[in-house]
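Right, one structure below, let's go through it.
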Number of protein chains: 4
Amino acid sequence: MTEPTRSAARVEVRYAETDAMGIVHHSNYPVWFELARTALCRETGSHYADIERSGYRLTVTGMNLRFRRPARYGDTVEVAAWIERLGSRGIRFAYEVRNGAELLATGSTEHVWIEHRGRPCRIPESLAPEFRRLAGRRR
Amino acid sequence: MTEPTRSAARVEVRYAETDAMGIVHHSNYPVWFELARTALCRETGSHYADIERSGYRLTVTGMNLRFRRPARYGDTVEVAAWIERLGSRGIRFAYEVRNGAELLATGSTEHVWIEHRGRPCRIPESLAPEFRRLAGRRR
Amino acid sequence: MTEPTRSAARVEVRYAETDAMGIVHHSNYPVWFELARTALCRETGSHYADIERSGYRLTVTGMNLRFRRPARYGDTVEVAAWIERLGSRGIRFAYEVRNGAELLATGSTEHVWIEHRGRPCRIPESLAPEFRRLAGRRR
Amino acid sequence: MTEPTRSAARVEVRYAETDAMGIVHHSNYPVWFELARTALCRETGSHYADIERSGYRLTVTGMNLRFRRPARYGDTVEVAAWIERLGSRGIRFAYEVRNGAELLATGSTEHVWIEHRGRPCRIPESLAPEFRRLAGRRR
């Protein structure tokens, strides 16, 4: 077992993401996490949009965030994502948001695989090897 | 021809809608317009969600907004919508956002009817009489 | 010690809150929580906007969500909030989102008090009795 | 008089930006415009965040959008912005959103300069030459 693959998305803070405190509103971090998760999924060779088109979805069942320092308009942050736990039916992704060397926030999201009729299912056979590789497991 | 029906949606400003200037970010007004448009469509007797389920959609093709005074967290605004122009293939809705007696913003959105394959179409026969009534026309 | 006071905010799902899966995107739940938290704070007799104007803020330090069932455009959900833990320097609020009898999501947010220079502080003296009352404690 | 300077921001569509129609909700375009406007302002040598810190703001007074074709999750669009009209007290910016060669949307926003007390004012002296240059005027 090796280290899980880490993706990194660079996100320029949008004015619309700030709030009356002058900082990025906390509801934007799940959206940033999703950008980093999209970048990570792309490393499987399939864009998540293609996975959806093939009839499978990773629905969000849980989410956890810790906020340490605020981000502000004018900042460009880096959002890292990696697989923290890979099960046969679900995945936990972990995240870090940094502004340069400074850690702004951490978090995780939990997901289960859903097939086209909306029922939970096992990870599609065609994707399993690539997700295992991302998770840092030998195939 | 009589006056068009006006709907009114009361919207409590959300903290997430404010920006670093301490006011509601302008990108939220189209979302508020949509709430008032939903309330207006409900007056046809069919929720817009049901119209969509029947295979028809009113896609947005244009949008126009004027901002006069800002809204702030703590405010509850009233958003009015009415049909400004009703064609056989499209609709223009007009809007006003007020905070008490004070006019904050005005605007309009233009829409065309789309059928289930995504092609422009005429207003569904079953909805036409009700939309004409809302527009203030005799049937 | 009695039960904490529960506020309830009714939230009509906005079309803009849905995503390509046809359900409300998970990043909107923290925004809904905030509406219920605002309603709860109002029970102290001071709108949170007034608390901010007096120089104090409750910044978000953490957030936790579980999603059970999706909400959809056309739904009006009820979001309840209550104080789960009241400390001298922070608060944990808990939340439930229901669609009629059906529980859609649960969550909690953690906050610390910040004074006007941005430093953590104790709960303002003037607010402490009311927050204790909301938390279900005898004063 | 020469051509105005055009900035270009590349924007990866976020899942949260899509709606139940499977396309990007129209309320996101003003947010994308703002990213391109930020990129354009940066060409003056001052980030808009610095302009704000110096006590001046460009508030939005009007907005106009035409939607031709939808954007979808998986797309990366290019948003161009340029100065369409430069007055002593206000600016009109114009925008184009493209997906490759395909034009998705066009629009414009109107702004007036506001000083630190919130009153309309003339463009700050220090910024005027740079904005004239961006607008394609000889200084």
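The values are calculated or read from the model by the stated rules, or taken from the named source; none is laboratory data. A quick note: this is a predicted structure, and the numbers were derived from the prediction, not measured. Cβ placement follows ideal geometry from the backbone for every residue including glycine, while neighbour counts extend to all protein chains displayed. Heads up: the accessible areas ignore ligands, DNA and RNA and are worked out on the full protein's heavy atoms, side chains in. Shrake-Rupley method; radii C 1.70, N 1.55, O 1.52, S 1.80 Å.
Counting only protein heavy atoms and a 1.4 Å probe, tell me what percentage of the protein assembly as shown's accessible area is made up of carbon and sulfur. Intermediate values should be presented prior to the final figure.
Numbers: 10490 of 24730 Å².
Summing carbon and sulfur atoms, their accessible area is 42 percent of the total for the protein assembly as shown.
Percentage of Cα-Cα pair distances in chain C greater than 20 Å, rounded to whole percent? Walk me through the intermediate numbers first.
Values: 4503 of 9591 pairs.
Tail fraction, whole percent: 47.
What number, rounded to the nearest 500 deg cm²/dmol, is the helix-based mean residue ellipticity at 222 nm of the protein assembly as shown, given -39500 (n - 2.57) per DSSP H run of at least four residues and division by all its residues?
Result for the protein assembly as shown, helices only: -5500 deg cm²/dmol.
Take every Cα pair under 8 Å whose residues are at least 6 apart in sequence, average their separation, divide by the length of chain C, and the relative contact order is 31 percent.
Rounded to the nearest whole Hz, the Karplus-based 3J(HN,Hα) values (6.51 cos²θ - 1.76 cosθ + 1.60, θ = phi - 60°) of segment B:79-88 follow the sequence 10, 9, 9, 8, 7, 9, 8, 10, x, 6, with x at glycine and proline. The phi torsions of segment D:103-118, fed into the Karplus equation with coefficients 6.51, -1.76 and 1.60 and a -60° offset, translate into couplings of 7, 8, 7, 10, x, 8, 10, 10, 9, 10, 6, 10, 8, 5, 8, x Hz, rounded to whole numbers, with Gly and Pro shown as x. Rounded to the nearest whole angstrom, the semi-axes of the ellipsoid equivalent to segment A:67-139, taken from the Cα gyration tensor as √(5λ), stand at 31, 15, 10, largest first. Overall, segment A:2-86 carries a charge dipole of about 160 debye about its Cα centre when +1 sits on the Cβ of Lys and Arg and -1 on the Cβ of Asp and Glu, all other atoms neutral. Comparing C:58, C:30, C:9 along the charge dipole axis of segment C:1-64, the residue lying farthest to the positive side is C:58, per the Cβ-charge model. Between residue D:61 and D:110, D:111, D:112, the built amide H atoms are under 5 Å apart, and every one of these is 5 or more places off in sequence or on another chain.
For the pair B and A, the buried accessible area comes to roughly 800 Å² in total, with a 1.4 Å probe and the value rounded to the nearest 100. Taken residue by residue and averaged, Cβ atoms of other chains lying within 10 Å of the Cβ of A:119-130 number 0. Label-to-label distances for residue A:117 across copies, nearest first, come out at 2.9, 6.4, 7.0 nm, using points 7 Å from Cα in the beta-carbon direction.
Mind checking the per residue accessible area of the protein assembly as shown for me, 1.4 Å probe, whole number of Å²? Each step should come with its number before you reach the end.
Numbers: 24730 Å² over 556 residues.
Each residue of the protein assembly as shown exposes 44 Å² on average to a 1.4 Å probe.
Any idea what log10 I(q)/I(0) is at q = 0.06, 0.07, 0.10 Å⁻¹ for the protein assembly as shown, Debye with uniform C-alpha scatterers and no solvent? Calculated log10 I(q)/I(0) at the listed q: -0.31, -0.43, -0.91. Modelled spin labels at residue A:76 and residue D:53, positioned 7 Å past Cα toward Cβ, are 1.7 nm from each other. By the Stokes-Einstein formula, at 1.567 mPa s and 4 °C, segment A:1-73 with its Kirkwood radius over alpha-carbon pairs has D equal to 90 µm²/s.
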